[in-house]
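What follows is a set of notes on a single structure, which appears directly below.
The values are calculated or read from the model by the stated rules, or taken from the named source; none is laboratory data. This structure is a prediction, so every number in the text was calculated from the model and none was measured. In this analysis, Cβ positions are derived from the backbone assuming ideal geometry, glycine residues included, and neighbour counts consider all displayed protein chains.
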Ligand code: BMA
């Protein structure tokens with residue numbers, strides 16, 4: 001193992017954690033408690049999946065994708081003492097906004113949450129004449145404020161970096177179409193003010209196998225001495241439709257559009273019943289990761305089969321070693 005890997009992040013002693021099962025040699029392993037969140041957590045919802053979790057006060061807070069029983073896609077706030085048992089609001093987040101044109105709710109899904117400077121920013125796939133990247137923020141997971149959409153439609157998977165890079169805010173995104181998008185590459189954009197985005201750079205395209213159709217950024221990138229550690233989903237088109245797996249990449253710290261390493265094999269692939277059976281079969285879709293820097297532990301929150309929320313674990317130094325040895 002590379003002994004000198006530094007993880008530039010805080011300690012999180014109460015990170016949800018289960019050791020790798022005896023006999024397993026997996027670099028990423030599933031929680032034995034999966035799925036950790038099901039539709040039963042909120043009355044009259046169809047599914048709770050593709051959701052984002054962060055440390056908050058003595059516990060955790062999150063923004064959850066809850067599709068309701070009219071199959072409307074909405075995001076709800078929640079809190080938890082331990083990251084496992086969640087109290088999720090029964091009402092969707094009602095953003096406060098200055099401009100009705102942008103704030104009018106159409107749909108919202110696949111949130112990410114990023115602590116940046118002085119607040120928690122939320123990015124999500126926001127309906128505005130098609131999907132694009134909504135941006136908002138909260139200080140307390142009670143009041144949420146909506147800003148301008150980052151991009152024109154059509155775009156998905158907007159993921160902020162947790163600090164400015166070269167003095168600018170930075171975001172990954174995945175330009176798409178208005179449907180189920182049979183293509184998709186990851187781009188990098190900068191902003192001086194979180195409103196105006198430009199200086200767009202290409203990061204990664206699909207390759208082969210599990211990531212041959214499209215790819216998209218997952219959780220907020222984690223800063224390490226080896227580069228930004230990015231988990232990303234990749235899609236294969238099978239005879240039976242899309243299959244969503246996830247892998248990892250290391251991006252250059254100051255020029256994150258430069259990919260240093262990228263996993264050829266997937267890290268996690270739909271194989272358990274809660275990943276293979278649901279509203280959309282064969283999907284694992286990561287949207288958040290918690291990190292305890294002193295131990296290197298990482299807890300990954302991912303959606304299973306567009307129906308439930310699950311947890312998986314890894315040790316970051318082991319993951320980085322694996323990534324370097326199994327890169328293109
Ligand atoms: C993507 C998004 C995700 C979903 C995935 C699989 O396009 O809509 O929310 O998990 O498809 O259906």
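Criterion applied to 184, 136 was being within 19 Å of residue 54 (Cα to Cα), surrounded by 13 or more Cβ atoms within 10 Å (Cβ to Cβ) and touching a strand residue (DSSP E or B) at 6+ places or on another chain (Cβ under 9 Å), and the one residue passing it is 136. Take the conditions touching a helix residue (DSSP H, G or I) at 6+ places or on another chain (Cβ under 9 Å) and in contact (Cβ under 8 Å) with a residue 40 or more places away in the chain and apply them to residue 233. Does it pass? Spelling it out, residue 233 is indeed touching a helix residue (DSSP H, G or I) at 6+ places or on another chain (Cβ under 9 Å) and in contact (Cβ under 8 Å) with a residue 40 or more places away in the chain. Screening region 86-176 for strands (runs of 3 or more DSSP E) wholly inside it with 3 or more residues that are at pLDDT 95 or above, under 20 Å from the mean Cα position of the chain (by Cα) and within 16 Å of the ligand (Cβ to nearest atom) returns the ranges 108-116, 119-127, 131-138, 155-160, 169-175. Taken together, the criteria exclude residue 33 from residues that are outside any strand (DSSP E or B), over 15 Å from residue 122 (Cβ atoms) and within 16 Å of the ligand (Cβ to nearest atom). Kindly provide the set of residues from region 48-78 that are more than 16 Å from the ligand (Cβ to nearest atom), more than 16 Å from residue 299 (Cα to Cα) and surrounded by fewer than 17 Cβ atoms within 10 Å (Cβ to Cβ), ordered by number. Answer for region 48-78, where residues must be more than 16 Å from the ligand (Cβ to nearest atom), more than 16 Å from residue 299 (Cα to Cα) and surrounded by fewer than 17 Cβ atoms within 10 Å (Cβ to Cβ): 57, 58, 69, 70. From the list 286, 281, the one residue that fits, being farther than 22 Å from residue 5 by Cα and assigned to a loop (DSSP other than H, G, I, E, B), is 281. Per this entry, residue 10 is not counted among residues that are within 16 Å of the ligand (Cβ to nearest atom) and either outside any strand (DSSP E or B) or modelled with pLDDT of 95 or more (or both). Entry remark, region 292-307: residues being more than 21 Å from residue 222 (Cα to Cα) and surrounded by 22 or more Cβ atoms within 10 Å (Cβ to Cβ) number 3 in total.
The number of residues in region 182-205 that are within 16 Å of the ligand (Cβ to nearest atom) and more than 17 Å from residue 151 (Cα to Cα) comes to 2.
Would you confirm whether or not region 309-320 contains a residue that is part of a strand (DSSP E or B), within 12 Å of the ligand (Cβ to nearest atom) and on the phi < 0 side of the Ramachandran plot? Looking through region 309-320, at least one residue is part of a strand (DSSP E or B), within 12 Å of the ligand (Cβ to nearest atom) and on the phi < 0 side of the Ramachandran plot.
Would you confirm whether or not region 245-268 contains a residue that is within 13 Å of the ligand (Cβ to nearest atom) and assigned to a strand (DSSP E or B)? Yes, region 245-268 contains a residue that is within 13 Å of the ligand (Cβ to nearest atom) and assigned to a strand (DSSP E or B). Of all the numbered requirements in (1) within 20 Å of residue 312 (Cα to Cα); (2) in contact with a strand residue (DSSP E or B) (Cβ under 9 Å, 6 or more places away or on another chain); (3) in a loop (DSSP other than H, G, I, E, B), residue 25 misses one, and that requirement is (2). The residue list 161, 151 contains one member that is within 29 Å of residue 78 (Cα to Cα) and touching a residue at least 60 places away in the same chain (Cβ under 8 Å), which is 161.
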